[in-house]
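Bear in mind these aren't lab numbers, they're just calculated from the coordinates by the rules spelled out. Given the structure is predicted, the values throughout are model-derived calculations rather than measurements. Every residue, glycine among them, receives a Cβ derived from its backbone with ideal geometry; neighbour counts consider all protein chains shown.
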Amino acid sequence: MTAILKVSGVTVRFGGIHALDDVSFEVTPGEFVSMIGPNGAGKTTLIRAITGVVQPQSAEIRLSGREISNLPTHKRSRLGLVMTHQIVRPFHSMSVLENVIFAAGHGRIQSVFGAMVSFDLSRERDRAMKLLGLLGIAEMADKSVRGQPLGVIKRMEVARALALEPKLLLLDEPLAGLNHIEAARLADTVADINRRGTTIVMIEHNLGEVLRVSERLVVLDNGRKIADGNPNEVMRNPAVRAAYVGKDETDAAA
Amino acid sequence: MGIYEVSLATIVLINIILALGLNMITGFCGQISLGHAAFYGIGAYCTAILAKAGFPPAVTLLCGLILAGASGVVVGLASLRVREDFLAITTMGVGFLFLGIVRQQEALGGELGISSIPSAGMSKIGFMLFVLVLAALAAAFSLFIKRSWMGFAFDAVADDEDTARVLGLDVAAYKLSAFAMGTAMAGLAGGLYTYFARFIVPDDFGFITSITVLSMVAVGGIGSVFGVMAATVVLTLMPEFFRFISDYKLLVYGALLFTVMRFAPGGLAGFLQTALRIRKARGETG
Amino acid sequence: MLKKRIFMVMVIGLAVLITYAPLMAAETIKIGFHAPLTGFAASDGKSASEGAKLAAEQINAKGGVNGKMIELVIYDDQAKPAQAIPIANKLIGQDKVAIGVSGSYSGATRSAAGVFQEAKIPYISAYAIHPDITRAGDYVFRTSFLGEVQGRGGAKLVGDTLGKKRVVMITLQNDFGKSLAAGFKSAADKFGITITNEYQYSMKDRQFGSIVAKVKSDNPEAIYASGYYFTAGPLVKQLRAAGVSVPIIGQEGYDSQKFIEIAGDAAEGVIITTSLDRDSDVPETKDFIAAFEKKAGFKADMVAASGHTAIMVAAEALKKANSTDPRAIRDAVAETDLKVSTGTIKFNKLGEVLKAVQNQIVKGGNWHRHSVIDDPELLAPPAE
Amino acid sequence: MLYLELLIQGIIYGSMYAIIAVGLTLVYGLLRILHVAHAGLFALGGYLGLLITNATGSLLLAMPLAAAGVGLVGMVVYRLCYHPILDRPPYVALIASIGLFIAMEEIYRLVFGPYGLTYNDVPLQSQIAFLGMNLRTAELAIVFGSVILLGTLSYLAQKTRIGVAWKATVDDPQMAASFGIDPLKVRYLNFFIGSGLAAIGGIFISLLSNLVEPTMGGVPSYKALAIIVLGGLGNVTGTLIASLVLGVVEAFGTIYIGHLMDRDAIAFAFLILVLMIRPQGMLSGR
């Protein structure tokens, strides 16, 4: 089976510091991969490099076999490569529903001229409502994003990402900041989305949930990949334990 | 209507087109421009030169509009490179650069400007009605854009362009179209001003004009078409209202700008919205 | 509810505005006057309007015009063309003035001139120098020099009267400075002047360090520098402070006591071409200088004298025409032959005047007569 | 020789720019607002300095008094104008600031008259021969005064408790607040010092031109914005470098390319050029 995402030799330097050093990994269609590692390991930088928000010094990124590392972010997104931010970035001036409708209309806004002459948003609204329902926040639809609790916004962002009809969804710490029950619910939802056919790569510190829902683990430390494979095997890997216990006890405990 | 009222109405309508143009860039798309007067000037100079060469208004105005819009795209390219406050000051620089260069071009009349511009071939009232139609079209066009998916995309760019990009939006294309449309409207306004005044000098299109237009947009309520139109009417007519306190006129103007921003930062539109508890949502389900 | 209330307030406001306007006294003749009373040019606007008010008072004290008092309707145009147009329309359409006078700068004056011409109401520009003002049409007149004429006068003063041949020009970048420079250059050859260099500065500049340094290294025999008192004062002061001691020749823009105040000792010996002769024996000029200082509380300058002159000319024409017909008033203005503070006003076909140029020099902290240029051929204004 | 003289004039221009722009960049660094009314405080400094000098005959007395007075006014401006609208989008503060600036200029005109004021006896006019140039004491005072004031400021920022608190707040307001630094106090201090420096700048400039006029803040109102953007918005070192570079560019530009564009256009052409190469300014912010 060909990989849906094949990343090879990603190197990112900020100033003189190596944020990522020659990282490679693959994702096969339908997989649920979680990426873990201590703070500052380079996880966020890696998915930002994959989506093109960060420019790597060198990288080869293939989406379903197609080289995409020279495409701008919005074009990668149109090919089905979608990410959510670690720190929530909703459109504050819009309602919860509008945020999702906008993403659902990604086909309408592809061309400037097309966007200028299309007005109807009933189809997008229906789709957006369905997604909000799937994420369990349909009742917040018409509320302004401002003042919503983090749990709602995180869910909204997942709905928004799904509205883009991704082939591959990159989630950056979707569970961070949520309480125990909220986190479990959202993790279940994500697993459900995966079962419906969306390939998922998730950065997450919440090891409990990660181990519960994901099929594979990729571990980064200091900008390098130190482990990749079955969750239970990976967790027994001494290098992984060292990285966690040595540097980031609090997070590992969480 | 006497000739005084007609001339006031004409200048108000011209300013409405000008301000709606900036509202497209700053209000809809969130790109602050402090150099809008430069495009007003480009339209005015283009129209003036062609009119003196004997072309009819339909041609001259269209050329002014296109030239201003094209220049707007070039400046829009700058908005792809610099953001927010840097962009504000860059556009301000564009305004000063335009003025500094025009002043030294003898072909454009230099400091003496261009005078004896032929009339548009209409009576004063006829011209006012002509501008009225164009202003109505500009307003309708603004509302049309605001309601379209393009307006939705502008909202997204204005709100958070990085997120918009991640959601698959070609932010650059939208910014450039906002600049193109907004500056083209400024160019049209400039051409109309040329036929109204039939005499133009570089100082008509200086920094103060840019600031005045931005004030109209901000006082009206950034992004609100009706708010901006109302503010344009009020701010353009203010000197006339306050003729009786001639000496304090500019003081009142400054104080008003300050007061509105200080106590009603959303401008007239925001003030009314709060007062009337209107919230318009695109996704209203009810 | 609130919407309704706001609407009501607007309606009431509008109603007040409409009823307020036509309140007017019966037995007066109105002269419209616009000048920059606020904004960057407010100082000239004040001088011009004080001069104009003095003229109106003097005329009314002598019984007005044909038994009617004259009334000045003064509006502020901020020296902005876009503001001058509605003002001109207001003066004509609402105030129904018999004649309009500009105490403003060129841009505003040129725009208003078009409006007056179109309405066929006579219009006099007091001190704006733009060549196209009178070309607006046959209802527009100017009681001052054109910039170019004065520039030619300056060339004669430098090359002939003072005998200086190697000249550096420092030109103010606006219509005033540019037309002076054009006139000066056009007559330079005639008086054997070589212009070794020309530098430009903008109206907003007050610091001239780099120009001064360059002029010093050019080492000219004289400097022809255009400007207003607020730019020329600092310029002259900085030139002298850097050790540049050659003659500095200016124009009517310097013509204010404030120039001497700013430049201080450095002002001594500066010569300008203007239209107000401080040491004049002509009673009109002497009386004006005295009366103005008494009324305004500061010394008369060229702008004040020009405002005064223009109103005097307007009133005289109204008297002669003895009619409300604009055509008759226009013809009376065209036939003006009047001695006023700035000389004898007589218009040519285009509506321009031919006056002698008064050269004034700063001596002992005051303006005094230096010489007079009275060369009709050199000073001839354009006739079309 | 001529180049050296032009360079020195450029440094004099640059020193004046620096002392005005530093206050502005401090405000930007702390609050992210473009404080146009800073130029109004600069003009107020000119007026106070001149009036006190004329009344007492002592410039040395006038400088600290004017700086303190204007510093206090700056604090009031912060409290009344910016404090309530800090959470609003940046253009709100910008327009409010412009309104305030217009009103300030008009107040000066109404109170002190349109003609401007001059010194009874201008201080620091004696001449010093320096490498064959005649420099005025005032010109040297501007250069050395700026160096001393800004040097002292940076020393205090590093060595005193309040200075460290101030720097910490500029670097990271939340972190500083968590260490018990009152951000409000820091802001007041910031406005006091920035406005005081602007006042000194106003006095310096009036010494060269012997003229304090209502519109004297006009040029600084936008030029200082260009400088802080050039310097990287909020970066003090960048602002100082940008001031000097711009001063020198203008000194040479007005002589050698003055026939192509005016002084403002030269400055802004340079600004745009730099920003297109380095969108974050010469030195990037914080």
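Around residue C:40, with a cut-off of 14 angstrom between Cβ atoms, what is the net charge of the other residues, counting Lys and Arg +1 and Asp and Glu -1?
Values: positive: C:46, C:80, C:204, C:206, D:109; negative: B:203, C:44, C:76, C:77, C:205, D:105, D:106, D:213.
Taking every Cβ under 14 Å from that of residue C:40, the sum is -3.
Take residue D:111 and residue A:79, extend 7 Å from each Cα along the Cα→Cβ direction, and tell me the distance between the two endpoints in nm. The modelled label-to-label distance comes out at 6.5 nm.
Evaluated over chain A, the count of Lys pairs having alpha-carbon atoms less than 19 Å apart is 13 (only pairs 8 or more residues apart or interchain).
Taking a straight Cα-Cα cut-off under 23 Å and skipping sequence neighbours fewer than 8 places away in the same chain, the lysines within cross-link reach of residue D:185 are D:159, D:167.
Using a simple spin-label model with pseudo-atoms 7 Å out from Cα toward Cβ, residue C:282 and residue C:366 lie 2.0 nm apart. For the residues B:248, B:195, B:45, a GNM of chain B with alpha-carbon springs under 10 Å puts the largest fluctuation on B:248. Each residue of segment D:41-58 was assigned a 3J(HN,Hα) from its phi angle through the Karplus expression (A = 6.51, B = -1.76, C = 1.60, θ = phi - 60°), giving 5, 4, 5, 4, x, x, 5, 4, x, 5, 5, 5, 4, 5, 6, 9, x, 10 Hz with x at Gly and Pro. Amide H contacts for residue C:174 (H built 1.01 Å from N in the peptide plane; partners 5 or more residues away or on another chain; cut-off under 5 Å): none found. Less than 5 angstrom separates the built amide H of residue C:124 from those of C:100, C:101, C:102, C:141, all sequence-distant by 5 or more or on a different chain. Quick note on segment B:3-285: its Rg to Rh ratio, both from C-alpha atoms and Rh being the Kirkwood radius, is 0.97.
At 27 angstrom or more along the helix axis (alpha-carbon based) and mean Kyte-Doolittle of -1.0 or higher, what helices does chain B contain? Whole DSSP H runs only.
On the way: long enough: B:3-22 (29 Å, 2.16); B:57-81 (36 Å, 1.75); B:84-103 (29 Å, 1.34); B:124-147 (34 Å, 1.88); B:171-197 (38 Å, 1.03).
Span-like helices in chain B: B:3-22, B:57-81, B:84-103, B:124-147, B:171-197.
Under the simplified labelling scheme, the residue C:27-residue C:189 pair shows an inter-label distance of 6.2 nm, with each label point 7 Å from Cα along Cα→Cβ.
Each residue of segment A:153-169 was assigned a 3J(HN,Hα) from its phi angle through the Karplus expression (A = 6.51, B = -1.76, C = 1.60, θ = phi - 60°), giving 5, 4, 5, 4, 5, 5, 4, 5, 5, 5, 4, 7, 6, x, 7, 9, 10 Hz with x at Gly and Pro.
Evaluated at q = 0.08, 0.11, 0.13, 0.17 Å⁻¹, a Debye calculation over the C-alpha positions of chain A (equal weights, vacuum) places log10 I(q)/I(0) at -0.31, -0.59, -0.83, -1.36.
Averaged over peptide D:79-85, how many Cβ atoms belonging to another chain are found within 10 Å of each residue's Cβ? Before the final figure, lay out each step's value.
On the way: counts 0, 2, 3, 1, 0, 3, 4.
Per residue, the average neighbour count from other chains is 2.
Computed over segment D:191-248, the range of Cα coordinates on each principal axis works out to 32, 28, 16 Å, biggest value leading.
If you take all other residues with their beta carbon under 13 Å from the beta carbon of residue B:242, and give Lys and Arg +1 and Asp and Glu -1, the sum is -2. Per-peptide packing, taken as the mean over residues of other Cβ atoms within 10 Å, places C:209-222, B:28-41, A:68-81 in the sequence B:28-41, C:209-222, A:68-81 from highest down. The peptide list C:330-338, B:5-13, C:80-88, B:230-238, put in order of mean Cβ contacts within 10 Å with the highest first, becomes C:80-88, B:5-13, B:230-238, C:330-338.
For residue C:190, a cut-off of 30 angstrom between C-alpha atoms picks up these lysines, skipping any fewer than 8 places away in its own chain: C:156, C:164, C:165, C:178, C:214, C:216, C:346, C:349, C:355, C:363.
The residues neighbouring residue C:349, those whose beta-carbon lies less than 11 Å from its own, together hold a net charge of -3 under the Lys/Arg +1, Asp/Glu -1 convention.
Rg to Rh for chain C: what is it, with Cα atoms only and Rh by Kirkwood?
Numbers: Rg = 21.8 Å, Rh = 21.4 Å.
Here the Rg-to-Rh quotient is 1.02.
Give, as ranges by residue number, the residues of segment D:247-286 whose backbone N falls under 20 Å from the point 7 Å along Cα→Cβ of residue D:175. Only D:284-286 fall inside the zone, counting backbone N under 20 Å.
The alpha carbon centroids of segment A:72-122 and segment D:195-247 are separated by 44 Å.
Average partner chain C-beta neighbours within 10 Å, per residue of D:1-7? Shielding by partners across D:1-7 averages 4. Look at the stretch C:113-121: the mean tally of other chain Cβ atoms within 10 Å of its residues' Cβ atoms is 2. Taking every Cα-Cα distance in the protein assembly as shown and sorting them into 20 Å bins from zero, the calculated P(r) comes out as 11, 36, 33, 15, 5, 0 percent.
Cα centroids of segment A:144-200 and segment B:51-69: 54 Å apart.
Near the amide H of residue A:170, within less than 5 Å, lie the amide hydrogens of A:82, A:83, A:84, A:201, all on another chain or at least 5 residues away, with H placed in the peptide plane.
What ranking do C:372-378, A:174-180 get when scored by the average of other Cβ atoms within 10 Å per residue, highest first?
A:174-180, C:372-378
Taken as Cα centroids, segment C:274-321 and segment B:188-226 sit 39 Å apart, rounded to the nearest whole angstrom.
Sequence-ordered 3J(HN,Hα) estimates for segment C:98-111 from the Karplus curve with 6.51, -1.76 and 1.60 and θ = phi - 60° stand at 7, 7, x, 10, 9, x, 10, 7, 4, x, 4, 5, 5, 5 Hz, glycine and proline given as x. Here the residues B:67, C:350, ranked from fewest to most Cβ neighbours within 10 Å of their Cβ, fall in the order C:350, B:67. Kirkwood radius and radius of gyration were both taken over the C-alpha atoms of segment B:1-155, and their ratio Rg/Rh is 0.99.
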